[in-house]
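The structure appears below as structure tokens.
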Amino acid sequence: MNGYTTALRRYAEFNGRSRRSEYWGFALTNLAISIVFSILLAIAGFNYETAELTGFALVLVLVFALYSLAILIPSLALQWRRYQDIGWPGPVSIIGWFVSLLTLVVAFIPGNPGANQYGPDPKA
């Protein structure tokens with residue numbers, strides 16, 4: 001938990017370095033928080049098949065969305081400082097964010113109709 005609070009205290013600090021303990025403390029605490037939110041969503045009756053949000057499940061999703069936005073800057077700053085701790089330039093840490101964004105975009109693009117060099121159309 002100490003790494004988590006240290007990362008939050010250094011909210012938007014992109015200069016300097018961060019130790020592994022700070023990084024992993026922050027990452028594992030956020031993982032635990034995500035798991036707790038998922039469990040609470042399941043208890044609240046969130047339907048994962050239809051993604052239907054009602055009542056308490058909607059409140060939980062909104063709270064988690066706000067939490068995710070709140071830790072966006074500290075997450076980026078922490079990764080930046082972690083890269084600098086190993087002697088790499090901080091801006092290199094942004095590459096992973098762009099790759100993740102690209103992967104998300106590709107997930108929404110429909111496949112090519114018909115067969116292509118990788119095989120037949122899975123929709124056919």
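The values are calculated or read from the model by the stated rules, or taken from the named source; none is laboratory data. Owing to the predicted nature of the structure, the values given are computational and were not obtained by experimental measurement. Positions of Cβ are generated from backbone atoms using ideal geometry, with glycine treated the same way; all protein chains shown enter the neighbour counts.
Pull up region 8-59, narrow it to residues that are loosely packed, with under 12 Cβ neighbours inside 10 Å and of a type in the set (Ser, Thr, Tyr), then point me to the one that is modelled with the highest pLDDT.
Ser21
Only residues that are closer than 28 Å to Phe14 by Cα, β-branched (Val, Ile, Thr) and not in a loop (DSSP other than H, G, I, E, B): list them for region 60-81, please.
Matches in region 60-81: Val63, Ile73.
For a quick check of your reading of the model, give me the residue pairs whose first member lies in region 27-54 and is in contact (Cβ under 8 Å) with a residue 24 or more places away in the chain, whose second is part of a loop (DSSP other than H, G, I, E, B), with beta-carbon atoms closer than 7 Å and at least 6 apart or on different chains.
Final answer for the pair search is Thr29/Met1; Asn30/Ile71.
Can you confirm whether Gly96 is over 24 Å from Leu8 (Cβ atoms), out of contact with any Gly (no Cβ under 8 Å at 6 or more places or on another chain) and loosely packed, with under 12 Cβ neighbours inside 10 Å?
Judged against the criteria, Gly96 is not a match.
When region 1-14 is examined, which residues are found to be of a type outside the set (A, V, I, L, M) and touching a residue at least 24 places away in the same chain (Cβ under 8 Å)?
Within region 1-14, Gly3, Tyr4, Arg10, Tyr11, Glu13, Phe14 meet the criteria.
When Gln84 is evaluated against the numbered criteria (1) in a helix (DSSP H, G or I); (2) surrounded by fewer than 16 Cβ atoms within 10 Å (Cβ to Cβ), which criterion, by number, is the only one it fails?
(2)
Name the one entry in Leu101, Leu69, Leu62 that is hydrophobic (A, V, I, L, M, F, W, C) and either surrounded by 11 or more Cβ atoms within 10 Å (Cβ to Cβ) or over 22 Å from Phe26 (Cβ atoms) (or both).
Step by step, each of Leu101, Leu69, Leu62 is checked, and only Leu62 is hydrophobic (A, V, I, L, M, F, W, C) and either surrounded by 11 or more Cβ atoms within 10 Å (Cβ to Cβ) or over 22 Å from Phe26 (Cβ atoms) (or both).
Could you please find all residues in region 87-124 being part of a helix (DSSP H, G or I) and among the β-branched types (Val, Ile, Thr)?
Val92, Ile94, Ile95, Val99, Thr103, Val105, Val106
Against the definition (more than 28 Å from Thr6 (Cβ to Cβ) and in a helix (DSSP H, G or I)), how does Ala57 come out, yes or no?
Against the criterion (more than 28 Å from Thr6 (Cβ to Cβ) and in a helix (DSSP H, G or I)), Ala57 qualifies.
Can you work out which of the residues in region 12-54 that are in a loop (DSSP other than H, G, I, E, B) and under 21 Å from Gly87 (Cα atoms) is nearest to the chain's Cα centre (by Cα)?
Per the criteria, the residue is Ala12.
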